[in-house]
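The values are calculated or read from the model by the stated rules, or taken from the named source; none is laboratory data. Just so you know, these numbers come straight off a predicted model, no measurement behind them. Please note: Cβ atoms are built from the backbone with ideal geometry, for glycine as well, and neighbour counts cover all protein chains shown.
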Amino acid sequence: MVTIKQVAEVAGVSFKTVSRVVNKEPGVKPQNIEKVEQAIKQLGYRPNRAASLVRKKQTGIIGFISDEISTTPASVAILKGAQDMAWEQGKTLMVFNLDPKKPNKDKLYEECLQHRAEGIIYGAMYHQAVTFSNIFKSLPTVLVNCISTSNDFLSIVPDDEQAGYYVTKQLLSKGYRRIAFLNLNPDIIAAQQRQKGFLKALDEFGLAKSDYHIATIEKVVNNKTINITRDVAADVLTSFKPDAVLCGKDLAAINLYFEIERLGLTVGKDIGVASFDNWHDIPEILDPQLSTMALPYYEMGRLAISKLLSLKTSPPESDQSVYKMACLLCDRQSF
């Protein structure tokens with residue numbers, strides 16, 4: 001194994017100079033930096049990170065605790081955004097996933113403490129309220145895609161109300177006047193806020209209550225969420241007979257497409273369809289391609305790192321404890 005002493009001998013500088021260059025400390029002459037970097041490349045030197053952590057007060061490690069983020073195609077973008085921002089800031093992201101069978105947030109937090117993390121990001125797969133124990137107050141902590149039930153942590157979430165409002169306004173602007181909303185489980189924060197935005201847009205436009213319909217495409221049985229989109233869509237399409245349907249998620253839009261086709265109708269011509277998520281490749285695979293509200297997961301991950309680092313110098317203001325990030329419409333051909 002190549003040592004710093006060997007690098008110093010080849011570069012013709014002191015041991016301390018090599019150490020300062022490796023640790024990116026200021027005050028080293030440019031010509032010495034060049035000599036050291038050439039020697040490192042020539043010898044194939046790799047810094048001993050374990051020893052470096054022992055010497056430093058700051059490890060540069062940020063812990064990322066997640067439920068199912070790293071296993072879902074859409075929300076994995078949160079992790080990617082956090083990772084990219086961490087690298088840009090000279091930090092290392094250490095990721096811990098909760099065991100779905102025995103979720104124990106405190107245990108993973110202890111792991112972060114043992115690795116001397118400078119702060120913690122907690123990320124959730126969908127917008128929800130999460131309960132945290134007091135151990136999470138041991139380090140600066142930022143929540144992504146969730147809020148604390150005690151409202152005691154800075155949170156970064158998608159602006160679901162804005163998303164519901166904006167996509168509904170777009171449907172109305174295209175001339176749709178009989179709109180059904182096939183919403184998610186009403187206990188989910190995202191479902192509640194999207195419906196609020198949906199109703200706000202309809203109220204501003206003055207659409208009569210008889211001209212819109214809201215149905216739930218998910219039900220909970222024995223603590224498990226069951227998708228009933230196909231049955232609900234079939235009923236709504238035949239009984240309410242909308243000219244446009246807003247789906248709570250892209251996966252539901254697939255089933256809706258099937259039901260519309262079964263009735264001999266055409267998406268984008270006979271019935272407009274809109275959705276939420278911009279989930280993986282689904283919107284572009286469907287024919288016609290699905291217009292859907294993209295959730296700003298990547299940007300949320302980046303902002304989480306930025307806010308976490310700022311927490312180390314100053315606490316958040318009380319009126320800025322929850323940051324809502326705007327969702328964008330991916331406008332295609334479904335309405």
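Just a few scattered comments:
- Selected residue [assigned to a helix (DSSP H, G or I), at negative phi and among the aromatic types (Phe, Trp, Tyr)] from Tyr126, Tyr176, Tyr122, Tyr166: Tyr166
- Thr238 being in the same structural domain as Ser173 (by TED's automatic domain parsing) and in a strand (DSSP E or B): no
- Subset tally (residues that are in a helix (DSSP H, G or I) and either assigned by TED's automatic domain parsing to the domain that holds Gly90 or within 22 Å of Gly90 (Cα to Cα) (or both)) for the range 8-31: 8
- Test: residue in the range 143-161 that is surrounded by fewer than 18 Cβ atoms within 10 Å (Cβ to Cβ) and not in a loop (DSSP other than H, G, I, E, B): no
Let's see how each residue does on (1) over 20 Å from Gly175 (Cα atoms); (2) touching a residue at least 60 places away in the same chain (Cβ under 8 Å):
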residue	(1), (2)
Ile214	no, no
Lys219	yes, no
Ile226	yes, no
Thr229	yes, no
Ala233	yes, no
Ala244	no, yes
Lys249	yes, yes
Ala252	yes, yes
Glu259	yes, no
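- Only one entry of Pro158, Pro140 meets the criterion of being under 19 Å from Leu303 (Cβ atoms) and either modelled with pLDDT under 95 or small (Gly, Ala, Ser) (or both), and that entry is Pro140.
- Pick from the range 207-225, criterion over 17 Å from Ala252 (Cβ atoms) and either polar (S, T, N, Q) or touching a helix residue (DSSP H, G or I) at 6+ places or on another chain (Cβ under 6 Å) (or both), ranking: surrounded by the most Cβ atoms within 10 Å (Cβ to Cβ): Tyr212
- Close pairs from the range 154-166: first within 10 Å of Met325 (Cβ to Cβ), partner aromatic (Phe, Trp, Tyr), Cβ under 6 Å, at least 6 apart: Ile156/Tyr323
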